[in-house]
Structures are given as structure tokens and as C-alpha cells.
Amino acid sequence: MNLLIIGGSDAGISAALRAIELDPALAPTVIVGDGFPYFSICGLPYYISHDVADWRNLAHRTARGIEGAGIKLVQGRRVTSIDTESKRVTISDESGVTSQVKYDKLILGTGAISIRPPIIGIDSPGVFLLRTLPDSFAIEEFLKRRAPRKAVIVGGGYIGMEMCEALTTRGVEVTVVEYTESVMTSMDTDFSRLIRDNLTGHGVKVCTGIGIESIRHTNESIVHGTGGFALPADMVLVAVGASPETTLGRSIGIETGVKGAFKVNERMETNIADVYAAGDCTETRHRILGKNTYMPLGTVAHKQGRVAGENAVNGNAEFAGTLGTQSVKIFDMVVARTGLNEAEARNAGFQPVTADSESWDHKVYYPRAHKLHLRVTADRATRRILGAQMIGAYGAEVSKRIDIFAAALYHGAIVQEFLSYDLSYTPPLSSPWDPTQMAVQELEKALR
């Protein structure tokens, strides 16, 4: 069987690796548009901050390692068309020379692209997006060659937050500008306020409720926004999210849904026979809401790719859905969430009850204890836990503690079940009641 995969990032390579696990005689072909297969997009800010010294270390697997696993990599080629009748794709190299590749099963892992908001001057010198390794190379070269003193980051989401730290670490004075009234809108307002305080405490200026309208460039850039906002900058990073790259799939009639992403079922099948899709180009089912949404996350892409790869070799796997579990490090703070907050739960028809708590990450008599802020939401009628948010110091296991909630949400745990979990304890690492369980104890009181 000829298994052809378009896209060599998380979903595409995961699909190929899973297919080979199940059928070692298979030799799938993966077509990669550039020369950077299976690199960690999430690691780009840490290359720019120099926490990662060599960009090559961002590879999940090297090209040699991928090919050594039995995958045929075709790099630097662009797929120009797909013929679903003859099951052939046409590819083109940089010089325009074309060739064709036959397939029996086809997986699209075409990913996502950075959103380019309608900002006048977005293509001016010193204005950057960040989604690919070449994007990071351009920023790194600019930092070395121009030594900018001031930067404006447009967008207060995950990449914007990580780049606040990266550029500050490089000695750049950073201002982050967000259209909404708070940064990190995936968190509740109280938590967003803690994030803002952390940013300002590290010298980052935060401007919210401002829409950027234009970037005027002469000797330096002047960033203009609503309400008369104007700020000079030596460089500008636009980080307002990603949108699915579906051009190729739409050309053969693949249906799209939320935010223009490919519609797929739990088996990652599209409406076109023998064509699958996975990763940032597809919708994903929310496990609690029971409906499709769009969440371009690396964790989701790996899982969806694995499902697509298994089913392409006559498997019977299903993608179990997502909870939107995310975490981000912002200087010395870690922010994490999973599931639904109270407003989201209410909009979904639940009867949400939320409780806040603060506790130490380990026994306070042991040195270097840090305060954790937790917020947990449950449904009053069923006592099912619906979501959690957490903020704490880097090193306080915030990310792994939110994963306890994520596991509970995955299995539909109710409050009493969570309190019965047998979690580990030693004074340097936790308490007899883990902070997650102490938070749920407060939730139980609120439910009573």
C-alpha cells in the first residue's frame, strides 16, 4: 500500500510512525514543504531567548532518524494539486519542475499559518510573525544585526507571553498590546490580573483594550492603535493566533467547519474517500462540550496524527477529544488550565459552582515553598468537575498538577472521587492533602 502524507510536522510524522508500528513492511512517504521536518514550533521562543542554544536541538527527531525509522522524506517540495480519481498528487520543486506521486491512502497534515490582522504596514521592515523556524531565524538575525532597544508585541496570548520573556531576556524593552481588556483571555480575569502583575514586575509594559491599526516605518516604527495610542518601536511582533491551512484540501472538496478547519470524524476521516486529516488544519472534538472546536495544540496534533496513521493501515482507532489543557511559563510564573471555566460552563448549559483556594506547593517548613492559586469549577447537579485553573511559581509542579485535573476530567470524575485519589506525599514536594485536593475540598464546601 502507498501511504502518502502531506506535511512533516507533529501530525504527519506521528501518523507515519504509527503506521509503521502496525505494518513494519510499510514505507510511507512524507512530503515536507521546507527543510525542517518534525521541529518543535512550541520551542521557538526558547531558541530566541537562547535557552536553547542551537535550533537543531528543537527537532523531535532528526531527518536521519525519521528516515531510519522507514519513512521516505521528500523535503523542499510543494504539492500543487491532488487528483482523487487517479489517486495521484503533483509536486513541484523550487525550480518549478513537477512530478507525480501515487497514493492508496492520503493524510493531510498541512498545519496552520499565523493570522495576519488587517494592520497597515504589517509588511514593514522590523515587523515579524512567529510560526516557523524561518520566522525565528529572521527574528534572531534582526536581534543580532540591529540590536533593538524597544519592541511591541501585538497579542497577549500564549506566544505573546513567551516572547515577552524571550525578548526581555535578550535585553529588549517590551510592551505588549492586547485588544481585549486583559492578557491571557483563556484565564479568568482575576488570574489574568496576576499574570499582568508578573509581567510588569519584570519590566514589561502592558496595554490592554487597544486595537492596533497601523505600523508606520521611517527611521523607526511607530505603532498606532485605537484611542490615539502611539508608541515607537525598533521591532514589532504580531502574535494574534493561528488559522488552519486548508487551501489544498478545499481544492479537492474537503468540507470545512469551525474557523475554516477540515471537518473530520473520530477516525480522522474527511468526506473524501481514503483521505484523512490531522493536526492544526482540522477541527477537534471537545470532550466535555461534545461538539467540535478549533484548538491548534501540539498535544492534539500528535494524538490525531497517531489515530490517522493507524486507521490508514486498516486500524480502528478513534480520537478521544480534547479538554484544552494548556500551560505556559512566563518568567518565574507558570499558568495552566484545563476544561471549562465558570462562564464557559454556564454557556454550555451546566449549573457551575466555582471555588478559589491558595495553598503551598509543599510543606511550608521545608525551604523554598511557593504559594499556588487554584480555581476549580464543578456542575452543581452532577458534582462532576468541569475545569480548573492554576498559577504558581516555576518549579512548583503547576503543569503536572493541572494534569491531575485533566485526567479527572477525561474520566468524568465527580468531587468525591477526586478527594479519594491516592496521590503521593513527601514534605519537599507536597502535603498529605495535595493542593489539588485541598482546592476540591473548598469546592465541596461551595457545593454544600
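The values are calculated or read from the model by the stated rules, or taken from the named source; none is laboratory data. Every value quoted in this text rests on a predicted model; they were computed, and no experiment measured them. All Cβ positions, glycine included, derive from the backbone under ideal geometry; neighbour counts span all protein chains shown.
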Worksheet item: For segment 259-275, does any single residue satisfy the condition of being small (G, A, S), buried (at least 20 other Cβ atoms within 10 Å of the Cβ) and assigned to a strand (DSSP E or B)?
Response: no
Worksheet, complete the sentence: Selection over segment 288-302 where residues are under 23 Å from A19 (Cα atoms) and either touching a helix residue (DSSP H, G or I) at 6+ places or on another chain (Cβ under 8 Å) or assigned by TED's automatic domain parsing to the domain that holds I391 (or both) yields a count of 3
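Filter segment 287-315 for residues that are within 20 Å of G387 (Cα to Cα) and in contact with a Leu (Cβ under 7 Å, 6 or more places away or on another chain); which is surrounded by the most Cβ atoms within 10 Å (Cβ to Cβ)?
Filtering segment 287-315 for residues within 20 Å of G387 (Cα to Cα) gives 287-297, 299-300.
Then drop every residue that is not in contact with a Leu (Cβ under 7 Å, 6 or more places away or on another chain), which leaves 287-288.
On the way: R287: 17, I288: 24.
Across segment 287-315, the extreme among qualifying residues is I288.
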Practice prompt. Report whether or not V328 is of a type outside the set (D, E), over 18 Å from the mean Cα position of the chain (by Cα), part of a strand (DSSP E or B) and more than 20 Å from S430 (Cβ to Cβ).
Written response: no
Item to complete: For R131, state whether it is in a helix (DSSP H, G or I), in the same structural domain as G209 (by TED's automatic domain parsing) and not aliphatic (A, V, I, L, M).
Response: no
Discussion item. Looking only at helices (runs of 4 or more DSSP H) that lie completely in segment 1-91, which have at least 2 residues being small (G, A, S), on the phi < 0 side of the Ramachandran plot and more than 21 Å from the chain's Cα centre (by Cα)?
Written reply: 10-22, 63-68
Discussion item. Against the definition (assigned by TED's automatic domain parsing to the domain that holds R267 and within 30 Å of I215 (Cβ to Cβ)), how does H60 come out, yes or no?
Written reply: no
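Being at positive phi and either surrounded by 16 or more Cβ atoms within 10 Å (Cβ to Cβ) or among the acidic types (D, E) (or both): is that true of G395 here? Let's see the steps before the verdict.
Details: at positive phi: yes; either surrounded by 16 or more Cβ atoms within 10 Å (Cβ to Cβ) or among the acidic types (D, E) (or both): no.
No.
Going through segment 329-375 one residue at a time, which ones are of a type in the set (F, W, Y) and buried (at least 17 other Cβ atoms within 10 Å of the Cβ)? Steps first, answer last, please.
The first filter runs over segment 329-375 and keeps only residues of a type in the set (F, W, Y), leaving 331, 350, 360, 365-366.
Matches in segment 329-375: F331, F350, W360.
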Discussion item. Just to be sure I understand, how many residues within segment 31-45 are over 15 Å from H302 (Cα atoms) and free of Cβ contacts under 8 Å to residues at least 60 places away in the same chain?
Written reply: 4
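Inside segment 311-325, can you point out the residues that are assigned to a loop (DSSP other than H, G, I, E, B), farther than 24 Å from I288 by Cα and either within 18 Å of the chain's Cα centre (by Cα) or polar (S, T, N, Q) (or both)? Walk me through it before giving the result.
So the first thing to find is which residues in segment 311-325 are assigned to a loop (DSSP other than H, G, I, E, B), and the list is 313-321, 323-325.
Filter again for farther than 24 Å from I288 by Cα, leaving 313-315.
Correct list: N314 only.
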Item to complete: Identify, by number, the condition in (1) surrounded by 14 or more Cβ atoms within 10 Å (Cβ to Cβ); (2) in a loop (DSSP other than H, G, I, E, B) that I215 doesn't meet.
Response: (2)
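Can you tell me which residue within segment 276-286, out of those that are in a loop (DSSP other than H, G, I, E, B) and of a type in the set (G, A, S), is surrounded by the most Cβ atoms within 10 Å (Cβ to Cβ)? Before the answer, list the steps.
Taking segment 276-286 as the starting set, the residues that turn out to be in a loop (DSSP other than H, G, I, E, B) are 278-281, 283.
Filter again for of a type in the set (G, A, S), leaving 278-279.
On the way: A278: 32, G279: 34.
So, considering only residues that are in a loop (DSSP other than H, G, I, E, B) and of a type in the set (G, A, S), the one surrounded by the most Cβ atoms within 10 Å (Cβ to Cβ) is G279.
Here's the yes/no breakdown for (1) at negative phi; (2) touching a strand residue (DSSP E or B) at 6+ places or on another chain (Cβ under 6 Å); (3) among the polar types (S, T, N, Q):
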{"residue": "G121", "(1), (2), (3)": "no, yes, no"}
{"residue": "S136", "(1), (2), (3)": "yes, no, yes"}
{"residue": "A147", "(1), (2), (3)": "no, no, no"}
{"residue": "G157", "(1), (2), (3)": "yes, no, no"}
{"residue": "G160", "(1), (2), (3)": "yes, yes, no"}
